[in-house]
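To keep things clear, I will list the structure first and then write my remarks on it.
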DNA sequence: CGCAACATTGAAGCTTCTCAATTAAGGTGG
DNA sequence: CCACCTTAATTGAGAAGCTTCAATGTTGCG
């Protein structure tokens, strides 16, 4: 793993436009935060950057901080005694890291090909949520979205063949990208085949074979290793929980 | 499915001792609710009972209500086009149903061998959370627990052999029972082998074979179809993510 | 340019699924 | 209370799919 000591706590300004807790745009859903609330959030936030594969925190570290991703992608994973790894989730711009009731992080968080985050001290955030109920309301909304995402993951893992899982994964990535304002169709895959395999509970060779097969069947086009164009959304969707 | 028209909206009193939102005991974790808050919650709650296999709501129904389980177990599941079913979760006394940002329920909720719930109108609850931030704080805690539970489920689904999944499932059931004040060891299984299979992404025959094998290896004793005694916690735990 | 990490492809083996038959359990009505 | 009928659970054998082991090809970074 490339370990670049690239943490930059130097940038003081909170990138509010990309930080979902603070973003006025995101908060339109539930009424916007007052300037005072935004200001208080800015005071406790610290922006950091992480390089390719660099860890934000490790499984078991005391969970004193939470994060809001402002750019890039983060991989949450746990490793099991047998040496295997389960990727619990991929998080993208706008997503929140830190919904856990435990003293220490239940997963390792690593940047997938570079990422920027806003870091909050859990204690600071707790003080602010007590003071400003709207912030807590926003957190509950984000936790609810997290639950939906985990349940989608459960359905992906539990049902169907390897090819169905990979199809569902591609469609989910596409959908999530569109939802955060990115492009829908040439799907960009920041993660490796092994990451995808550990997310879907498959061997990485199997994932690779599924990509090849989906391309041969004309459902996708592998434009490059990390860019996949969906050629037939409906067929892929049917495939992902039909055949 | 046995369809008993057993819904009893007749009982007006809120069983606060078993309703985690309202339970003073549960709220000790985060400071207790004021009598006024409890009273308001009681006003909007309605207690209902459901018989064996009876549905509280179906996938796609407008999600106008949320529930808090006061007795029994509920199975949340989605069915896929190919006819297969994924059980997204089993919920027990104290658990909350309704963390979803969608207009309609993303899953079907059914009683597993009889259950009692407190039903709340989502709109009523929203009014109360606006008025009483402590209630929202409590909801966030419950949502966080839900996320942890979903992630445990993800790890169970993604990793290991069928026997490892079944071992992990038994240990998780035991732990959850102990956590809500029930017995830890002879694990009671309210659900069928098929329910377990659909939860773990296996065929029900495979689940059955795993029970038999775990018994033959001396790790468990099947006291009856629905009661399993764990004879060797450590071996089962090692087994569940080692071998 | 060269090395190291990532990805693809092939073949053999093994786990799980599917299909099928049998046994056990649970609930209903006589 | 027992017999019956339906549902649930167990067990077996064969087929399918995934994983593992192994080799080769590709990409990207220093």
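Structure data summary
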read-out: Residues residue A:204 and residue B:215, FRET efficiency given R0 of 51 Å [Cβ-Cβ distance, rounded to 0.05]; value: 0.90
read-out: Calculated diffusion of region A:24-149, Stokes-Einstein form, Kirkwood radius summed over Cα pairs, 4 °C and 1.567 mPa s, µm²/s; value: 85 µm²/s
read-out: Cα centroid separation, region A:40-62 to region B:69-133 (Å); value: 34 Å
read-out: Inter-label distance for residue A:82 and residue B:224, nm, one decimal - labels placed 7 Å from Cα along Cα-to-Cβ; value: 3.4 nm
read-out: log₁₀ of I(q)/I(0) at q = 0.26 Å⁻¹ - region A:89-164, Debye sum with one point per alpha carbon; value: -1.41
read-out: Efficiency of FRET between residue A:64 and residue A:237 - r from beta-carbon atoms, R0 35 angstrom, step 0.05; value: 0.25
read-out: Using a Förster distance of 41 Å, the FRET efficiency for residue A:178-residue B:131 (Cβ separation, nearest 0.05); value: 0.65
read-out: Region A:161-239: relative contact order in percent, alpha carbon pairs under 8 Å with at least 6 residues between; value: 35 percent
read-out: Label geometry 7 Å along the beta-carbon vector: residue B:121 inter-copy distances in nm; value: 4.4
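A short reminder: the numbers here are calculations on the coordinates, not readings from a lab. From a predicted model like this one, the values you see are computed outputs, not experimental measurements. Backbone-built Cβ (ideal geometry, glycine too); neighbour counts: all protein chains shown.
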